[in-house]
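> Sharing a structure below in structure tokens format, with a few things to ask.
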Amino acid sequence: MFSTIMVPLDGSQIAERALESATYLAKLSGAKIALVRNQDVPESIVENPAKFPVIYEIFEKEGRNGEHYLEQTASAVRESGLEVTTHLVHGASAAESIRTAAVQQRADLIVVTSHGRSGISRFLLGSVAEKLARLAPCPVLIVGRPALTSP
């Protein structure tokens, strides 16, 4: 059914909710999990780091933190017996960077959460999940907010 299921993460608990669905589907189909995190780095800094040494150093540190976060998350998923890879990608558009990673990793499915924005914030900020659903080379499963339960 699936061989590689990609899960984009941004470090939030909301994004991590996608892991439950992804690991369930991976176990059913024998797929591996590819965790991906985008780091927004302006092209001018990537092209000429010597011109912006202080800013470049900050992005380098954030990158190390991102890689550490991905490895910690991967370790937790590996405990369930699944094969997991991690990928820190760079780009101003998270959806575009994730799409590129999905192509490179030959993802069969992307499982992502919706952050649940609505109204003006959704209009202004857009939805990475929605953009990804339009751009992705494979199906995208968007996991919504958990249902409210009665007390």
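> Output the residues belonging to the stretch 72-97 that are modelled with pLDDT of 95 or more and either among the acidic types (D, E) or in a helix (DSSP H, G or I) (or both).
Matches in the stretch 72-97: Q72, T73, A74, S75, A76, V77, R78, E79, E83.
> Restricting to the stretch 2-61, name every residue that is surrounded by 12 or more Cβ atoms within 10 Å (Cβ to Cβ), polar (S, T, N, Q) and out of contact with any Phe, Trp or Tyr (no Cβ under 8 Å at 6 or more places or on another chain).
Those that are surrounded by 12 or more Cβ atoms within 10 Å (Cβ to Cβ), polar (S, T, N, Q) and out of contact with any Phe, Trp or Tyr (no Cβ under 8 Å at 6 or more places or on another chain): S3, T4, S21, T23, N38.
> Are there any pairs with C-beta distances below 7 angstrom linking a residue in the stretch 40-68 that is under 17 Å from V89 (Cα atoms) to a residue that is of a type in the set (K, R) and at pLDDT 85 or above, with the two at least 6 apart or on different chains, and if so which?
That search, which allows pairs on different chains as well, returns G66/R37.
> For the stretch 101-118, name all the residues that are within 11 Å of M6 (Cβ to Cβ), out of contact with any Pro (no Cβ under 8 Å at 6 or more places or on another chain) and of a type outside the set (D, E, K, R).
Within the stretch 101-118, A101, Q104, Q105, V111 meet the criteria.
> Going by what's in this entry, would V128 be described as modelled with pLDDT of 90 or more and aliphatic (A, V, I, L, M)? Spell out the reasoning first.
Values: modelled with pLDDT of 90 or more: no; aliphatic (A, V, I, L, M): yes.
No; evaluated as a whole, the condition is false for this residue.
> Restricting to the stretch 29-48, name every residue that is in a helix (DSSP H, G or I) and at pLDDT 95 or above.
Of the stretch 29-48, the ones in a helix (DSSP H, G or I) are 29, 43-47.
S29, the sole residue that qualifies.
> For Y69, indicate whether it is over 19 Å from A133 (Cβ atoms), at pLDDT below 95 and surrounded by 15 or more Cβ atoms within 10 Å (Cβ to Cβ).
Working: over 19 Å from A133 (Cβ atoms): yes; at pLDDT below 95: no; surrounded by 15 or more Cβ atoms within 10 Å (Cβ to Cβ): yes.
No: the conditions fail for Y69.
> Something else about it: Take the conditions of a type in the set (A, V, I, L, M) and either in contact (Cβ under 8 Å) with a residue 40 or more places away in the chain or within 30 Å of S3 (Cβ to Cβ) (or both) and apply them to A34. Does it pass? Quick ask: steps written out before the conclusion?
Details: of a type in the set (A, V, I, L, M): yes; either in contact (Cβ under 8 Å) with a residue 40 or more places away in the chain or within 30 Å of S3 (Cβ to Cβ) (or both): yes.
Yes; evaluated as a whole, the condition is true for this residue.
> For the stretch 72-112, how many residues meet the condition of being under 13 Å from V128 (Cβ atoms) and among the hydroxyl-bearing types (S, T, Y)?
2
> Further question: Could you give me the residue pairs with C-beta distances under 7 Å whose first residue belongs to the stretch 1-21 and is at positive phi, whose second residue is modelled with pLDDT of 95 or more and surrounded by 18 or more Cβ atoms within 10 Å (Cβ to Cβ) wherever it lies, and which are 6+ apart or on separate chains?
none
The values are calculated or read from the model by the stated rules, or taken from the named source; none is laboratory data. As the structure is a prediction and not an experimental result, all values here were calculated from the model. Cβ sites come from the backbone with ideal geometry, for glycine too, and all protein chains shown count toward neighbours.
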